[in-house]
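Written out below as structure tokens is the structure these notes cover.
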Amino acid sequence: MTSDPPKFQPLERFWPYADLPEQPTDTELAALDPELHEALFGSKPRPFSISLVFRPLDVADFPRALELARGSAEFRETVRGGTHTYRARFWSHDAARLRDLFLIVGHDDATEVLIDDRPVPYARELWLPLIWFLIPR
């Protein structure tokens, strides 16, 4: 230590955004990964669901696909690195809308089909046609 007085006075706060809320907002909770949400808050019983995760496509029916996706049980749009990704969750009673959306976006190999938020083998080839049997004729 020197006897010279200090040349600057340190700030009393450590974080530049001191006004952050202590609890997450509803939007932040909705954006959580389902497995993380289950680990943090415990599992809530939820009905069986199928989710489609797709990116923007250059097809004529893409506005209709977004309309169907926004009408799903849960819809989320994320942007990472300038790339949009859409996630639409459907319950089993929405099988007709799920099929209509898949007929538009399912031709893209990057479209993911998730069963209860998890990738499952043969989701496209087996699970989706089984759900389509639920569509009333």
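Some points to look at:
- Pairs are defined by a Cβ separation below 7 Å, a sequence spacing of at least 6 or placement on different chains, a first member in segment 74-103 that is under 15 Å from residue 62 (Cα atoms) and among the aliphatic types (A, V, I, L, M), and a second member that is modelled with pLDDT of 90 or more and part of a strand (DSSP E or B); the pairs so defined are 88/51; 88/52; 88/75; 98/50; 98/90; 101/52; 101/88.
- Output for segment 79-96, where each listed residue is buried (at least 18 other Cβ atoms within 10 Å of the Cβ) and over 15 Å from the mean Cα position of the chain (by Cα): 94, 95
- Looking across segment 104-130 at every residue that is touching a residue at least 24 places away in the same chain (Cβ under 8 Å) and β-branched (Val, Ile, Thr), the one that is nearest to residue 57 (Cα to Cα) is identified as 105.
- Any hit, segment 30-44, residues being at pLDDT below 75, over 21 Å from residue 76 (Cα atoms) and of a type in the set (Gly, Ala, Ser): no
- Count of residues meeting criterion [exposed (fewer than 13 other Cβ atoms within 10 Å of the Cβ), without any contact (Cβ under 8 Å) to a residue 60 or more places away in the chain and either part of a helix (DSSP H, G or I) or β-branched (Val, Ile, Thr) (or both)] in segment 33-66: 5
- The one condition in (1) at pLDDT 95 or above; (2) at positive phi that residue 116 fails to fulfil: (1)
- Looking at 41, 54, 90, just one residue is under 30 Å from residue 136 (Cβ atoms) and either among the aliphatic types (A, V, I, L, M) or out of contact with any Phe, Trp or Tyr (no Cβ under 9 Å at 6 or more places or on another chain) (or both), and that residue is 90.
The values are calculated or read from the model by the stated rules, or taken from the named source; none is laboratory data. Predicted model only: the values in this text are computed from it and were never measured. Neighbour counts run over all protein chains shown; Cβ positions are idealised from the backbone, glycine included.
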